[in-house]
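Below is one structure, written out as structure tokens, with a few remarks after it.
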Protein chains: 2
Amino acid sequence: MNESDFKQLLKEKTACINDLIYGYLPEETGYFKKISEAVNYSVRAGGKRLRPMLILESYRLCGGSREEEEKRTAPFMAAMEFIHTYSLVHDDLPAMDNDLLRRGLPTTHAKFGEDFGILAGDALLNLAYEIMAEAVCKSEDDTAAKAMKVIAKKAGISGMVGGQCLDVELTGKPMSEEQLDFIFKLKTGALIEAAFMSGAILAGADSEKTEALGQAGFLTGMAFQIRDDILDMTGTEEEIGKPVNSDEKNNKTTYVTLYGLERAEDDVRNFSEKAENMIRATGDNEFLVELIRSMVSRKK
Amino acid sequence: MNESDFKQLLKEKTACINDLIYGYLPEETGYFKKISEAVNYSVRAGGKRLRPMLILESYRLCGGSREEEEKRTAPFMAAMEFIHTYSLVHDDLPAMDNDLLRRGLPTTHAKFGEDFGILAGDALLNLAYEIMAEAVCKSEDDTAAKAMKVIAKKAGISGMVGGQCLDVELTGKPMSEEQLDFIFKLKTGALIEAAFMSGAILAGADSEKTEALGQAGFLTGMAFQIRDDILDMTGTEEEIGKPVNSDEKNNKTTYVTLYGLERAEDDVRNFSEKAENMIRATGDNEFLVELIRSMVSRKK
């Protein structure tokens with residue numbers, strides 16, 4: 001696949017995902033007006049929709065039924081993006097990273113107030129689970145329940161939240177390699193792992209294949225997060241849509257401050273190549289391979 | 001049942017529920033130490049465990065299997081209490097009610113910092129769903145999935161979060177009767193409704209019975225919340241374990257400021273009598289009836 005074909009396809013797929021997940025957003029009506037506006041703003045503010053895309057592409061990689069594809073995957077794609085969005089909204093709060101800009105737009109709390117920043121995050125997290133619970137009730141087999149279980153585990157204390165906690169706890173303090181690895185593994189890796197795994201589960205993949213794809217997701221997440229640290233150090237505000245050197249501003253140890261730029265670049269390459277090989281060993285999905293390449297070599 | 005028998009029974013049941021829900025708490029170990037401490041502190045800080053108790057008693061009222069009782073109800077009891085706890089932890093944050101004391105103890109953010117107040121709430125909400133998702137995966141019928149769906153709906157934007165949002169939005173502003181009813185219905189009523197309904201669903205009750213008990217729960221929740229407003233106005237700090245007149249301090253319209261103390265007392269009585277009659281029409285559970293009476297006539 002050449003680069004311009006990939007970019008075109010990526011654009012189309014992102015637009016499809018947007019249509020799909022916006023369908024799960026609440027109506028901005030009556031007494032729900034302000035909270036719905038805050039929730040919808042947070043989700044519509046943009047984003048690459050990588051996690052839902054990974055669910056869908058992992059489902060396809062594992063040969064999931066084409067006929068049932070939307071019914072099976074759509075609720076989980078929306079839920080996954082809402083969980084990701086809630087985590088960003090809460091991360092941006094004054095008591096956390098205290099960021100006023102994300103993707104070039106005011107963050108949710110900057111626009112709707114700190115209280116509604118907290119509440120919009122809470123609403124999004126609940127909404128994600130409500131959508132999955134509904135899908136589990138409608139499902140004729142146990143795949144939806146299993147996918148939900150994986151996502152809940154990877155989103156919570158032993159996943160994303162756990163990673164975020166250590167990250168916050170160690171902000172401004174020197175951090176060991178073990179600590180940084182733990183944070184990367186959980187804060188970013190866990191949800192991408194869950195995306196790969198839930199796509200596989202929904203396609204009916206066995207546990208061996210599901211675990212292998214989880215590992216590929218984990219490696220992708222690591223590479224992705226290292227790239228994020230590299231960009232924070234080398235990008236411009238215009239490129240990355242938020243203030244640069246925000247990590248440095250907050251006195252954070254990053255992959256780059258710990259290992260240096262060269263090693264960081266090497267590891268991105270190594271991790272993503274491993275992920276690619278694991279995906280190729282599972283099945284055929286050229287777009288997914290290209291997607292991972294683009295995720296880890298992105299400029300913003 | 002005389003008062004001292006009821007009090008003894010309530011004490012024993014509360015202790016049982018504590019044992020049960022503490023079993024679902026995370027270990028305070030390794031890099032998870034601080035967040036687990038914050039989560040466990042929030043849950044162990046006390047509370048009447050009314051919502052899990054209502055699940056259990058509603059299950060019994062509907063004649064749920066005695067043999068499968070713990071297996072069926074325990075995960076939902078823990079999840080419900082964790083959802084309730086997360087909502088309190090986030091409500092207490094500086095950007096929300098800004099309370100430093102709850103039940104006579106420092107609030108979670110007062111003890112662990114504002115960032116960990118936010119994160120402990122997030123962790124608790126995720127944990128609740130993780131526990132329910134696990135229960136759904138283990139369940140041999142569709143009752144667990146249905147119970148989870150009801151709880152998710154009533155916890156989220158069209159339930160507790162929605163009520164909380166309007167409450168926050170209108171703080172310090174005059175509030176209409178319709179607005180206050182909306183807040184009461186959703187902020188407190190929805191979760192108590194969900195407790196009654198999920199207990200019934202787990203017992204295998206039909207939808208008619210489930211709806212009727214939901215209505216009883218809703219009325220109980222209304223009466224309970226009105227009592228809360230009455231106590232904020234008339235109780236002492238020692239009795240209620242937090243600063244009195246906190247509503248007045250925050251310039252909140254309450255049931256008492258809107259309708260007066262007499263009408264508030266009348267409504268508590270009317271709503272709880274209705275709830276009691278609906279419960280008696282469903283089945284026999286004298287403890288549940290006494291529990292509701294104690295909830296709405298409490299002094300703290």
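Read-outs throughout are calculated quantities, based only on the coordinates presented, and are distinct from any laboratory measurement. Here the structure is a predicted model, which is why all the values come from computation and not from measurement. A quick note on method: Cβ atoms are made from the backbone with ideal geometry, for glycine too, and the neighbour counts reach across all protein chains shown.
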Test for B:Phe112: is it of a type outside the set (A, V, I, L, M) and crowded, with 24+ Cβ neighbours inside 10 Å: no
In the stretch B:79-92, residue nearest to the other protein chains (Cβ to nearest Cβ) [restricted to those that are surrounded by 24 or more Cβ atoms within 10 Å (Cβ to Cβ) and of a type in the set (Ser, Thr, Tyr)]: B:Tyr86
Subset of the stretch B:85-122 [closer than 17 Å to B:Glu169 by Cα and hydroxyl-bearing (Ser, Thr, Tyr)]: B:Ser87
When residues of the stretch A:28-49 are limited to those that are basic (Lys, Arg) and in a helix (DSSP H, G or I), the one nearest to the chain's Cα centre (by Cα): A:Arg44
Residue match in the stretch A:153-163 (condition: surrounded by 24 or more Cβ atoms within 10 Å (Cβ to Cβ), over 19 Å from B:Gly156 (Cβ atoms) and among the charged types (D, E, K, R)): yes
Count of the stretch A:1-39 residues which are among the β-branched types (Val, Ile, Thr) and within 14 Å of another protein chain (Cβ to nearest Cβ): 3
Hits in the stretch B:268-292 - residues which are of a type in the set (Asp, Glu), surrounded by fewer than 16 Cβ atoms within 10 Å (Cβ to Cβ) and touching a residue at least 24 places away in the same chain (Cβ under 8 Å): B:Asp284, B:Glu286
Qualifying positions in the stretch B:198-216 - hydrophobic (A, V, I, L, M, F, W, C) and in a helix (DSSP H, G or I): B:Ala200, B:Ile201, B:Leu202, B:Ala212, B:Leu213, B:Ala216
Unmet requirement for B:Arg66, which otherwise passes all of (1) in a loop (DSSP other than H, G, I, E, B); (2) touching a helix residue (DSSP H, G or I) at 6+ places or on another chain (Cβ under 8 Å): (2)
Scope the stretch B:68-78; condition more than 16 Å from B:Gly23 (Cα to Cα) and either in contact (Cβ under 8 Å) with a residue 60 or more places away in the chain or buried (at least 24 other Cβ atoms within 10 Å of the Cβ) (or both); matching residues: none
Scan of the stretch A:16-36 for residues that are surrounded by fewer than 17 Cβ atoms within 10 Å (Cβ to Cβ) and touching a residue at least 12 places away in the same chain (Cβ under 8 Å), ordered by number: A:Tyr22, A:Gly23, A:Glu28
Residue in the stretch B:40-49 that is farther than 22 Å from A:Asp115 by Cβ, within 12 Å of chain A (Cβ to nearest Cβ) and of a type outside the set (Asp, Glu) present: yes
Cβ-Cβ under 7 Å pairs, at least 6 apart or on other chains, the stretch A:165-188 side without any contact (Cβ under 8 Å) to a residue 60 or more places away in the chain and among the aliphatic types (A, V, I, L, M), far side surrounded by 18 or more Cβ atoms within 10 Å (Cβ to Cβ) and outside any helix (DSSP H, G or I): A:Leu186/A:Gly159
Residue check for A:Arg60: part of a helix (DSSP H, G or I), among the charged types (D, E, K, R) and under 24 Å from A:Ala133 (Cβ atoms): no
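One line per residue, one yes/no per condition, for (1) hydrophobic (A, V, I, L, M, F, W, C); (2) surrounded by 20 or more Cβ atoms within 10 Å (Cβ to Cβ); (3) free of Cβ contacts under 8 Å to residues at least 24 places away in the same chain:
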site: B:Thr107; (1), (2), (3): no, yes, yes
site: B:Asn126; (1), (2), (3): no, yes, yes
site: B:Met132; (1), (2), (3): yes, yes, no
site: B:Cys137; (1), (2), (3): yes, no, yes
site: B:Lys146; (1), (2), (3): no, yes, no
